[in-house]
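> Sharing a structure, written as structure tokens. Questions coming.
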Amino acid sequence: MRASATGRTLHDPKGGSFWFDAGAVCLDFAHTGGEGPYAVFESLHEPADLAEWLAHPSIAAVMTAPLTVHELTAAKALRQAIWDAAHARAAHRPLPAEAIETINRAAAAAPLVPELAADGTTAGWAPPVRAAQALSTLAREMIELLSGPLSGRIRECASDNCPLVFVDTSRPGARRWCAMERCGNRHKLRARRARQASDP
């Protein structure tokens, strides 16, 4: 069963890694790779990679059948739609019609069904657990995010060269960075150097 915790470790192809919490599982999914210049960040190379990502505790959907290439293609299409929609909302632009269509199409499938375990204290997903159900669950979460009270808190990292997008779930709504250990610290370092350079 999906846990409330979100976030994943992201790896830079140039080296290094950092913890990034997008604030929603669907947005975590949007950062598993991409098209064009973001292809270097691709982590879903094979259907098994998608199965492994979905089995992570944040959604904990362990597939009951091997995933197919077709399902991987559908997952990447949904991922791109979530990415495009999130960036459009963060920039206060209309959402792309194609992204809306793709998200709605994925959400139209039956979602994962929660099931209480025999002990009555734990839960999981009722079998069979299929990729289309997991993608529907992610798409439905994105729909709730875009149409709900946190819609106005979808933001792109304030760094001028970081495209990571997140939903600010902090109480004051003051989150600016993808991660303090990454862009937040870089900003602090640049600001410190600028102050030192301007000192007489």
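> Could you list, in sequence order, the residues of the stretch 61-75 that are closer than 25 Å to Leu164 by Cα and either surrounded by fewer than 17 Cβ atoms within 10 Å (Cβ to Cβ) or among the hydroxyl-bearing types (Ser, Thr, Tyr) (or both)?
Within the stretch 61-75, just Thr73 meets the criteria.
> Additional query: Considering the stretch 39-60 alone, what residues qualify as being in a helix (DSSP H, G or I), open to solvent by 80 Å² or more (accessible area, probe 1.4 Å) and more than 14 Å from Arg8 (Cα to Cα)? Let's see the steps before the verdict.
Of all residues in the stretch 39-60, those in a helix (DSSP H, G or I) come to 39-41, 47-55.
Among the residues that remain, those that are also open to solvent by 80 Å² or more (accessible area, probe 1.4 Å) are: 40-41, 52.
Once the filter is applied, which keeps residues that are in a helix (DSSP H, G or I), open to solvent by 80 Å² or more (accessible area, probe 1.4 Å) and more than 14 Å from Arg8 (Cα to Cα), the stretch 39-60 yields only Val40.
> Same structure again: Suppose we filter the stretch 115-169 for residues that are under 20 Å from the mean Cα position of the chain (by Cα) and either in a strand (DSSP E or B) or of a type in the set (Lys, Arg) (or both); how many remain?
Residues flagged as under 20 Å from the mean Cα position of the chain (by Cα) and either in a strand (DSSP E or B) or of a type in the set (Lys, Arg) (or both) within the stretch 115-169 amount to 9.
> Which one of these is modelled with pLDDT of 95 or more and exposed (fewer than 13 other Cβ atoms within 10 Å of the Cβ): Ala108, Ala99, Ala134, Ala118?
Answer to the selection: Ala108.
> If you go through the stretch 7-29 one residue at a time, do you hit one that is of a type in the set (Val, Ile, Thr), farther than 16 Å from Ala132 by Cα and loosely packed, with under 11 Cβ neighbours inside 10 Å?
yes
> Please determine, by comparing only the residues of the stretch 1-48 that are in contact with a Gly (Cβ under 8 Å, 6 or more places away or on another chain) and of a type in the set (D, E, K, R), which one is nearest to Ala74 (Cα to Cα). Explain how you work it out, then say what you get.
From the stretch 1-48, those in contact with a Gly (Cβ under 8 Å, 6 or more places away or on another chain) are 1, 6, 19-22, 28, 39, 41-44; that's our starting set.
Then keep just the ones that are of a type in the set (D, E, K, R); that gives 21, 28, 42.
Details: Asp21: 24, Asp28: 17, Glu42: 15 Å.
The residue in question is Glu42.
> While we're here: Residue pairs, Cβ under 6 Å, 6 or more apart or interchain, first in the stretch 140-161 and closer than 17 Å to Arg105 by Cβ, second β-branched (Val, Ile, Thr) and part of a loop (DSSP other than H, G, I, E, B). List them.
none
> So in the stretch 170-184, with the set limited to residues that are in a helix (DSSP H, G or I) and open to solvent by 70 Å² or more (accessible area, probe 1.4 Å), which one is modelled with the highest pLDDT? Give the steps one after another, and end with the answer.
Filtering the stretch 170-184 down to residues in a helix (DSSP H, G or I) leaves 180-184.
From what is left, the residues that are open to solvent by 70 Å² or more (accessible area, probe 1.4 Å) are 180-181.
Values: Met180: 68, Glu181: 73.
Per the stated criteria, the residue is Glu181.
> Being charged (D, E, K, R), at pLDDT 95 or above and open to solvent by less than 30 Å² (accessible area, probe 1.4 Å) is the requirement here; does Arg79 meet it? Lay out the reasoning, then the answer.
On the way: charged (D, E, K, R): yes; at pLDDT 95 or above: yes; open to solvent by less than 30 Å² (accessible area, probe 1.4 Å): yes.
For Arg79, the condition - charged (D, E, K, R), at pLDDT 95 or above and open to solvent by less than 30 Å² (accessible area, probe 1.4 Å) - is met.
The values are calculated or read from the model by the stated rules, or taken from the named source; none is laboratory data. The structure displayed is predicted, hence computed values, not measured ones. Glycine also receives a Cβ, built like all others from the backbone with ideal geometry; neighbour counts cover every protein chain displayed. The protein model used for the area step is the full one, side chains on, heavy atoms only, and it has no ligands, DNA or RNA in it. Shrake-Rupley method; radii C 1.70, N 1.55, O 1.52, S 1.80 Å.
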